[in-house]
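We did not get these values from a lab; they are worked out from the coordinates using the rules stated. Just so it is clear, the structure is predicted and the values come from calculations on it, not from any experiment. All Cβ positions, even for glycine, are placed from backbone atoms using ideal geometry, and neighbour counts span all protein chains on display.
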Protein chains: 2
Amino acid sequence: MGKEIPSRSEDYSLWYNELVKKADLAEHSDVRGCMVIKPYGYSIWEKMQQALDKMFKDTGHVNAYFPLFVPKSYLAKEASHVEGFAKECAIVTHYRLKNAEDGSGIIVDPDARLEEELIVRPTSETIIWNTYKKWVQSYRDLPILINQWANVVRWEMRTRLFLRTAEFLWQEGHTAHATAGEAVKETLQMLDVYADFAESFMAMPVIKGKKSEGEKFPGAVDTYCIEGMMQDGKALQAGTSHFLGQNFAKAFDVQFANKEGKLDYVWGTSWGVSTRLMGALIMAHSDDDGLVLPPKLAPIHVVIVPIFRSEEELARIAERVDQISSDLRKLGYSVKFDNRDTHKPGFKFAEWELKGVPVRLAIGPRDLENGTVEVARRDTKEKQIIKLDDVSKAIPDLLEDIQRNIFKKALNFRNEKITLVNSWDEFQQVLDGKAGFISAHWDGTAETEAAIKEQTKATIRCIPLDSKDEKGKCVYSGKPSNRRVLFARAY
Amino acid sequence: MGKEIPSRSEDYSLWYNELVKKADLAEHSDVRGCMVIKPYGYSIWEKMQQALDKMFKDTGHVNAYFPLFVPKSYLAKEASHVEGFAKECAIVTHYRLKNAEDGSGIIVDPDARLEEELIVRPTSETIIWNTYKKWVQSYRDLPILINQWANVVRWEMRTRLFLRTAEFLWQEGHTAHATAGEAVKETLQMLDVYADFAESFMAMPVIKGKKSEGEKFPGAVDTYCIEGMMQDGKALQAGTSHFLGQNFAKAFDVQFANKEGKLDYVWGTSWGVSTRLMGALIMAHSDDDGLVLPPKLAPIHVVIVPIFRSEEELARIAERVDQISSDLRKLGYSVKFDNRDTHKPGFKFAEWELKGVPVRLAIGPRDLENGTVEVARRDTKEKQIIKLDDVSKAIPDLLEDIQRNIFKKALNFRNEKITLVNSWDEFQQVLDGKAGFISAHWDGTAETEAAIKEQTKATIRCIPLDSKDEKGKCVYSGKPSNRRVLFARAY
């Protein structure tokens, strides 16, 4: 079918790139680092958005929209924040084009220089806290529980479709609270929401943890994250939730009168997931034949391929398929009847496998006679014959089973690839061989963290929330340590 | 309640501005020309998005996402297009900030100048047609029916919340077709979708028409529009649908092999509506007490205000309200129980009127005894007492009636304010007195159009699609004319 992709074992990185392109998910645009999200890819993102948006609203959040541009001086107000983002900003300096006087074409009008440069938001803490300042006077104005769906820009030098692009789509929650306790609770609640989304919808097991000082968000007091494992054993940070303390409130002078009438700075959180999740979804489950989509995020749940030799046969099949489709649609499933007469069934099978449609039904004249249909599931490639009359009972169960199975497979894979390591030799061997997550003792210093990263490219993915107190020695420095952390190479 | 707004007759413009702010819809940000869409305003926009998105999908369109940035050279490829947008562009010239060497703060790094400047998209025809070039080889690749939900930036010098802002949110459809006829059909289909949305959801009657050459979209062959009338008699262009001919296909060399194997340029359309619709919605229906929202776009359908003197009374009311709310929610309505004990009923009534909630229920201890409840509708301010047991039957009918009534009122107002005018004196008198739309003969020349605009600030809103052939003389030049067009001052 001319759409073959390399195998994962051959070249994992190329497999990913080709899969993203050939499954019509996204492609590079001519604008450096920016991608075009194609309709099929976008329809998966829409499913993610819908599920997340509902989860945000169910936890009391509302959506709003803040400006795309951040004045340079705002970005500079929180010291570590600007330090973290200054190196990768898209900067608007002018507001008009004009015809060059020498007739050479369109040029930037030098007379239309902005007094203050505007940064295309890399994240919106600064513009939002500058707004919250106007909204908050008293504890009665708190909490503010706002989420924004938006595009952001970080001028990354090395980009990969979905995983790291100059512009990406995301949601960013920004909340304001009267107490530190409330803000911490919110931070952890949203971490749980992300973990629940990753596991229940994406079928991707994640480890919840806290970032080291070196890996935390610029401007946060604490950064929490969910880390997933890809099929090459590398980690992918799938979402972060930050406890901002009073950092942004202080930078933007957001104070409130508490119940005792005393002025205090507001406590903040922010949390986000992005189109990066698309990359995680693809790399967590897909195989050498293409995408494997968990049913809860699949734009098409069931594809029906007719096996026919004549128009008359197709017409008879179509009649029965109409019934089946209608029944399944009533149950809330998306059904595609691929009745093209320009392609053979084998081509269609391969195409829908590439696109990750969870269930395929194939039905021919003999099936009609026998009242049967062939059901193939994408995840295991297993086929079975079932009765046509049973379709609307069998498919819902099958889809649930596929959702469960994809998660279970990823969970088993992930768990097998978490290795307890106690020596530096072993650390390096595991990293270069088995790969995956390494659970090891760390002395808690930035120096050791940096040295390990320098020597192995492995970073501390997180200090898992469920990690136990355990006396040990740092795998690198030999200094004392109180608990294990997770190391891995990461996307 | 400290939230009073000026009356429309006093100062229509101030009434609008204050209403937008006090009803918590939007506010100006500190970034010149950019607004913050507040949660209540955004929730109305979300309702618009959902309805429109469904209409687009029902007519065969899919969503996708294209880059925020347009290379300067792309914008320049279609001559009239760049002419139309060059004067109001936000231009990205650099990609990094750094610390000033003299310690004076953060500055734009002069070494990080982009080779080619990037324009923040004012609209996406250029970046999208540059992409379509890669997607289209044969007639089999057509049509492409794509919509994008996005933010765009036009550096307007004079801005007003929702009506004209530097950054705004919108959707832009971009379709590609094998024939001119198909593209024209698509253009008109989407015009119908917009008109249907405006009338059925926004309860705002619109006139469908074609723009004059002078008012059409830069790069279009024909621009069609829907024009609504605001309560001050001014017009508001609420949506446009453009037949692009082969203009962008030629500018970006998008050719396809037709069924005969012959190469031809692709035919295009684009169409969009924006957060401007929020301004139209507000100005079409609202009154001196605040917003009047058509139920189909109201984030809250029913607000329930308890009338109580003690906690015990409130508890008894709450119990009954829980039942009512639950019943209404099951029917798909959004219900708010305003049980605050910090504000009196009168304050709450005014607040929910300001926010345009279509139906208010007030319920006190005596109502409980009598099994009754007071129902007030926002549009007419009429009140009636109904039986508590009838609520879940009466409310759906009432909401439908409100939706119909708001439309009818706006339709009557609009129709009364369309004046047939046959002389230049009358033209000016009507414009300065009665205002509204003026139906008059026009000689079809750009000169006359410009002269009328210059002298009266009235523009040709459109040549209505249903206008009849009628011989006459141009109201301004006296030259012959074949049909009337609509003039008005406009937002």
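Position residue B:344: other-copy label points at 8.4 nm, ordered by increasing distance, label point 7 Å along Cα→C-beta. Prolate is the label for the stretch A:1-61. Its Cα gyration tensor axes, ordered a ≥ b ≥ c, give a/c of at least 1.5 and a/b above b/c. Measuring spread by the Cα atoms of the stretch B:377-435 yields a radius of gyration and Dmax of 19.3, 61 Å. A simple spin-label model places pseudo-atoms 7 Å from Cα toward Cβ; at residue B:57 and residue B:87 they are separated by 4.1 nm. Taking 1.567 mPa s as the viscosity and 4 °C as the temperature, the Stokes-Einstein diffusion coefficient of the stretch A:219-324 based on its alpha-carbon Kirkwood radius rounds to 68 µm²/s.
Within the stretch B:199-308, the GluC sites (Glu not before Pro) that combine a DSSP coil assignment with at most 16 other C-beta atoms in a 10 angstrom radius are B:260. Can you give the net charge of the other residues whose Cβ lies under 10 Å from the Cβ of residue A:464, counting K and R as +1 and D and E as -1? Counting the neighbours of residue A:464, the net charge comes to +4. Based on the Stokes-Einstein relation at 37 °C and a viscosity of 0.692 mPa s, and on the Kirkwood radius from alpha carbon pairs, the stretch B:144-243 is assigned a translational diffusion coefficient of 221 µm²/s. Assuming charge only on the beta carbon of Lys and Arg (+1) and of Asp and Glu (-1), the dipole of the protein assembly as shown about its Cα centre is about 460 debye to the nearest 20. Centroid-to-centroid, using Cα positions, the stretch A:159-235 and the stretch B:306-360 are 37 Å apart. Over the stretch B:384-491, one equal point on each Cα, no solvent: what is log10 I(q)/I(0) by the Debye formula at q = 0.11, 0.13, 0.20, 0.24 Å⁻¹? The calculated log intensity ratios at q = 0.11, 0.13, 0.20, 0.24 Å⁻¹ are -0.46, -0.56, -1.00, -1.30.
Dipole orientation for the stretch B:1-137: of the candidates B:74, B:63, B:130, B:63 has the Cα lying most toward the positive pole (charges on Cβ; Lys, Arg +1; Asp, Glu -1).
Pick out, from B:183, A:410, A:257, the residue whose Cα sits farthest towards the positive end of the charge dipole of the protein assembly as shown, with +1 on the Cβ of Lys and Arg and -1 on the Cβ of Asp and Glu. So the residue furthest toward the plus end is A:410. Around the amide H of residue A:286, modelled in the peptide plane, lie the amide H atoms of A:292, all under 5 Å away and 5 or more residues distant in sequence or on another chain. Each copy carries a label point for residue A:327 at 7 Å from Cα toward Cβ; from one copy, the others' points are 3.8 nm away, ordered from shortest.
Shape index of chain B: Rg/Rh, with Rg the Cα radius of gyration and Rh the Kirkwood radius from the inverse mean 1/r over Cα pairs, equals 1.03.
First check a/c for the stretch B:90-170, with a ≥ b ≥ c the square roots of the eigenvalues of its C-alpha gyration tensor; if it is under 1.5, answer rounded, and if not, answer prolate when a/b is larger than b/c or oblate otherwise. It is oblate, given that a/c is not under 1.5 and a/b is not larger than b/c. Within the stretch A:383-491, DSSP assigns beta bridges of which about 75% are antiparallel (rounded to the nearest 5). For the stretch B:322-438, the share of DSSP beta bridges that are antiparallel, to the nearest 5, is 80%. Our helix-only sum for chain B, with -39,500 (n - 2.57) per DSSP H run of n ≥ 4 divided by its residues, gives a mean residue ellipticity at 222 nm of -11000 deg cm²/dmol. Where a ≥ b ≥ c are the square roots of the eigenvalues of the C-alpha gyration tensor, would you call the protein assembly as shown rounded, which needs a/c under 1.5, or, failing that, prolate if a/b is larger than b/c, or oblate? The shape class here is rounded.
Applying a DSSP loop filter and a limit of 10 other Cβ atoms within 10 Å to the trypsin sites (Lys or Arg not before Pro) in the stretch A:139-200 leaves A:158.
Neighbours of residue B:255 by Cβ distance under 13 Å: Lys/Arg scored +1, Asp/Glu scored -1, total +1. Dipole orientation for the stretch A:433-491: of the candidates A:442, A:481, A:456, A:456 has the Cα lying most toward the positive pole (charges on Cβ; Lys, Arg +1; Asp, Glu -1). Residue A:195 sits among other residues whose Cβ lies under 11 Å from its own Cβ, and their net charge, with Lys and Arg +1 and Asp and Glu -1, is -3. Evaluate E = 1/(1 + (r/R0)^6) for residue B:253 and residue B:329, where r is the Cβ-Cβ distance and R0 equals 60 Å; express this FRET efficiency to the nearest 0.05. Efficiency, from the Cβ-Cβ distance: 0.65.
Loop-resident chymotrypsin sites (Phe, Trp or Tyr not before Pro) (DSSP state other than H, G, I, E or B) in the stretch A:182-257 with no more than 11 further Cβ atoms inside 10 Å of their Cβ are absent.
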